[in-house]
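Here is the structure we will look at, set down as structure tokens.
Derivation of every value follows stated rules applied to the coordinates shown; laboratory data play no part. Source: prediction; values computed, not measured. When we count neighbours, we look across all protein chains shown, and the Cβ atoms used for this are built from the backbone with ideal geometry, even at glycine.
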């Protein structure tokens, strides 16, 4: 039995980033992943760096948007973090922040875009709503139906297949131990330490970080605590390669859409179109990717008409993945009440905001005061689910 200062469960972006921060601070870190690193949500998403409020955050009205806006300080921090990430990790991660546009096509959508931008500016996000010649000069590729767009220069994309491995290699260079193919089957606290059992091994740690995405609820239950984390199936597609066409990240204020172009020329389509979660014997099977829905594929393709040139490109691949949300769509970040030494990091826009989540949580674990308050994202807000 080996002992560690911190055991991190989950080998996605969040887990590897937390391990990196802790290891370079000199702590003894174990990271445990049940599959391969980056096997799930961190490696299956479309790589959007969307710091404006997303469609899912504004579709239910202004009150819901104001609630989601509570996390905008994290968005601002993450926008800066991504800008310096490749230098910090010492290798390329496909980060390109050439700006993002959130589009509006109807008068009602333009009004919603204006309200959203005003709310974001209140929180320090430098969003500019463009119309007419200003919009056409910046984005001549947009359809005539687009009336306005909220522009944020710091938005963009990263390569999800490069980011997490870069964090993992950096953590290893600083002494972190990364153990893949080890599924945690038991987690309990005894004698002032956490005991983890995985694939016949038993280890102890002073603190444990649950950074396992959709498996967070399952792991928390091992520690006799309940965390409201829900899996959501998502759909993404890629077109054939084409000449440089789309320099910006594209989103839409009135429907699900994200669109960007890879360095190789493929256009990636996403934006929250649902995929069907697989169920077995009445329970969601988290170990199997969701099933594609025809209506999501066609709906996503129709949403892409805002860039007419994309409509002529064949789709060469579609795939599904899962993300993790909480009931209020805010992150679940910080110490778990009544479970000394147990921490969680999940929910929200965990790829986009992952570098910030990891830095703030690592600061907490190291006994420092995070430079952004975490109280609003604490698991304590769901304390009614846990009585002991």
In degrees, nearest 10, range 0 to 90: what is the angle between the Cα axis of helix 72-83 and the longest Cα principal axis of the chain?
90 degrees
With springs only between Cα atoms under 10 Å apart, run a GNM on the chain and tell me which of 169, 201, 66 wobbles the most.
201
Expected-Rg normalisation [2.2 N^0.38 Å, Cα atoms] applied to segment 117-173:
1.70
At 0.890 mPa s and 25 °C, Stokes D of segment 253-388 from Kirkwood alpha-carbon radius, µm² per second
136 µm²/s
Could you state the number of Å between the C-alpha centres of segment 91-139 and segment 304-337?
18 Å
Grab the DSSP H runs of the chain that are 4 residues or longer, score each as -39,500 (n - 2.57), total them, divide by all residues and round the 222 nm result to the nearest 500 deg cm²/dmol.
-8000 deg cm²/dmol
What ranking of 259, 311, 1 emerges when the number of other C-beta atoms within 10 Å of each C-beta is taken as an exposure proxy, fewest first?
1, 311, 259
Mind pulling the per residue volume of the convex hull built on the Cα atoms of segment 281-343? Å³ is fine.
201 Å³
To the nearest 10 degrees, the tilt of helix 160-173 (Cα long axis) against the first principal axis of the alpha carbons of the chain is 30 degrees
Using only the alpha-carbon atoms of the chain as identical scatterers, what base-10 log of I(q)/I(0) does the Debye formula give at q = 0.10 Å⁻¹?
-0.63
Length-normalised contact order for segment 164-302 - Cα pairs under 8 Å, 6+ apart - percent
14 percent
Sticking to Cα atoms, compute the Rg of segment 1-76 to one decimal and its Dmax as the biggest Cα-Cα distance, whole number, in Å.
16.9, 53
Size-normalised alpha-carbon gyration radius of segment 1-128, reference 2.2 N^0.38 Å
1.33
Kirkwood hydrodynamic radius over Cα pairs of segment 126-206, then Stokes diffusion coefficient at 10 °C and 1.306 mPa s, in µm²/s:
88 µm²/s
With springs connecting C-alpha atoms under 10 Å apart, model the chain as a Gaussian network and identify which of 12, 348, 299 has the largest mean-square fluctuation.
299
How fast does segment 77-217 diffuse by Stokes-Einstein, in µm²/s, taking the Kirkwood radius from C-alpha pairs at 4 °C and 1.567 mPa s?
67 µm²/s
Relative contact order for the chain using alpha-carbon pairs under 8 Å, separation at least 6, rounded to a whole percent?
23 percent
Grab the alpha carbons of segment 142-261, take their convex hull, and tell me the volume per residue in Å³.
202 Å³
Just want the ordering: 40, 288, from fewest to most Cβ atoms lying within 10 Å of their own Cβ.
288, 40
Most fluctuating of 346, 242, 164 in the GNM of the chain (C-alpha, under 10 Å) is 242
Share of pairwise Cα separations in segment 63-155, more than 16 Å, in percent:
60 percent
Expected sort for 206, 375, 35 with the fewest Cβ neighbours (10 Å cutoff) up front is 375, 35, 206
